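Here the structure comes first, spelled out in structure tokens, and everything after it is commentary.
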Amino acid sequence: MSEKNRIDKQQARRAFNRAADTYDAAAELQNEIGDRLMERLDFIRLQPRRILDLGSGTGMFAAALLKRYRKADVIALDLAERMLSRVQARGGWFRKPQCVCADAETLPFADDSFDFIFSNLMLQWCTDLESTLAELRRVLAPGGLLMFTTFGPDTLMELRASWEAVDGYTHVNTFIDMHDVGDALVTTQWAEPVMDSERITVTYRALPALMQDLKHIGAHNVTGGRLRGLTGKHHMQQLGEAYEGFRSDGVLPASYE
């Protein structure tokens, strides 16, 4: 990945810390995708003792995993400490997720620490996918399971194309193609990787609502090639005009792969 498109981890941490209080109200899409991932567990015979919720955010799925696997310990890991403060309110009196603030690319766990790793929409924030997958393989016990979702390159394609009509900066994070993710799994020696792709379109009456949603979940642009400083009113007007070219049936689409 070029330096222009590389994720700035410190900027990402700050963005997610700022979004901790607004995330749950704006994360309808993220929750829908996570729910679909949880539904896959209905078809898998698994009784884990230790579960890692990798990139837990505010802990919605850490709590769901506690409920599903009542004999398991669930560790919620996130880069943003303020997200983890919300996790601590999850669960019951006697069973709550354990919280660890760390980077997924350098996990603070011993080899073979977990029977199950669950990760919903986190891997796209890693700077080196292969090294991250190797790290996950290290901490997963033999016979364990990794299940994850991540975004593909067609995600927010309308917003990306509209910004490209305005200036030469990167305004939308770059997402890795599914086939490259599959290749990375093979390269890092995961057994029997299974990949599939789904597309979801979210619609908005006006562009500011989309921009606000991205801000409230902490998912705005944190690439190295981003514009430093505030975006001017003229550029925002140009962006809105370009995005109008995608309007259909009275609404603006935002695509997610």
Margin query: So, in segment 185-216, how many residues would count as being in a loop (DSSP other than H, G, I, E, B) and within 18 Å of the chain's Cα centre (by Cα)?
Written below: 5
Notebook entry, point to check: List, please: which pairs have Cβ atoms under 7 Å, are six or more places apart or on different chains, and start with a residue in segment 84-110 that is closer than 13 Å to A62 by Cα and without any contact (Cβ under 8 Å) to a residue 60 or more places away in the chain and end with one that is in a loop (DSSP other than H, G, I, E, B) and open to solvent by less than 40 Å² (accessible area, probe 1.4 Å)?
Noted result: V87/S56; V87/T58; V87/G59; V87/P97; R90/G59; R90/P97; G91/P97; P97/G59
Notebook entry, point to check: Pick from segment 19-55 the residues that are more than 13 Å from T149 (Cα to Cα) and basic (K, R): which of them is surrounded by the fewest Cβ atoms within 10 Å (Cβ to Cβ)?
Noted result: R45
Notebook entry, point to check: Would segment 3-15 turn up any residue that is in a helix (DSSP H, G or I), modelled with pLDDT under 95, closer than 20 Å to H216 by Cα and touching a His at 6+ places or on another chain (Cβ under 8 Å)?
Noted result: yes
Next item on the list: Report, by residue number, each residue of segment 240-257 that is touching a helix residue (DSSP H, G or I) at 6+ places or on another chain (Cβ under 9 Å) and of a type in the set (D, E).
Entry: E241, E244, E257
Next item on the list: Pull up segment 67-82, narrow it to residues that are open to solvent by less than 10 Å² (accessible area, probe 1.4 Å) and touching a helix residue (DSSP H, G or I) at 6+ places or on another chain (Cβ under 6 Å), then point me to the one that is nearest to F114 (Cα to Cα).
Entry: V74
Check: Does D196 satisfy the condition of being out of contact with any Cys (no Cβ under 8 Å at 6 or more places or on another chain), open to solvent by 70 Å² or more (accessible area, probe 1.4 Å), of a type in the set (D, E, K, R) and at pLDDT below 95?
Finding: yes
Next item on the list: Go through segment 38-63 and give me each residue that's of a type in the set (A, V, I, L, M), more than 25 Å from A15 (Cα to Cα) and not in a loop (DSSP other than H, G, I, E, B).
Entry: M38, L41, I51
Next item on the list: For segment 172-185, enumerate the residues that are open to solvent by 30 Å² or more (accessible area, probe 1.4 Å) and of a type outside the set (V, I, T).
Entry: D177, M178, H179, D180, D183
Notebook entry, point to check: Residues in segment 159-169 that are assigned to a loop (DSSP other than H, G, I, E, B) and either free of Cβ contacts under 8 Å to residues at least 60 places away in the same chain or open to solvent by 40 Å² or more (accessible area, probe 1.4 Å) (or both): how many?
Noted result: 3
Check: Looking at segment 118-131, which of its residues are in a helix (DSSP H, G or I) and farther than 19 Å from I33 by Cβ?
Finding: E130, S131
Next item on the list: Scan L252, L156, L214 and give me the residue that is aliphatic (A, V, I, L, M), open to solvent by less than 30 Å² (accessible area, probe 1.4 Å), within 21 Å of G34 (Cα to Cα) and modelled with pLDDT of 95 or more.
Entry: L156
Check: What are the residue pairs meeting all of these: first residue in segment 171-183, first residue touching a residue at least 12 places away in the same chain (Cβ under 8 Å), second residue among the charged types (D, E, K, R), Cβ atoms under 6 Å, and 6 or more apart or on different chains?
Finding: V172/R160
Notebook entry, point to check: Of everything in segment 99-150 that's within 15 Å of the chain's Cα centre (by Cα) and either open to solvent by 50 Å² or more (accessible area, probe 1.4 Å) or β-branched (V, I, T) (or both), which residue is farthest from M195 (Cα to Cα)?
Noted result: T127
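The values are calculated or read from the model by the stated rules, or taken from the named source; none is laboratory data. Keep in mind the model is a prediction, meaning the values are calculated, not measured. No Cβ is skipped: glycine too gets one built from the backbone with ideal geometry, and neighbour counts run over all protein chains shown. Accessible surface areas use protein heavy atoms only, side chains included; no ligands, DNA or RNA. Shrake-Rupley method; radii C 1.70, N 1.55, O 1.52, S 1.80 Å.
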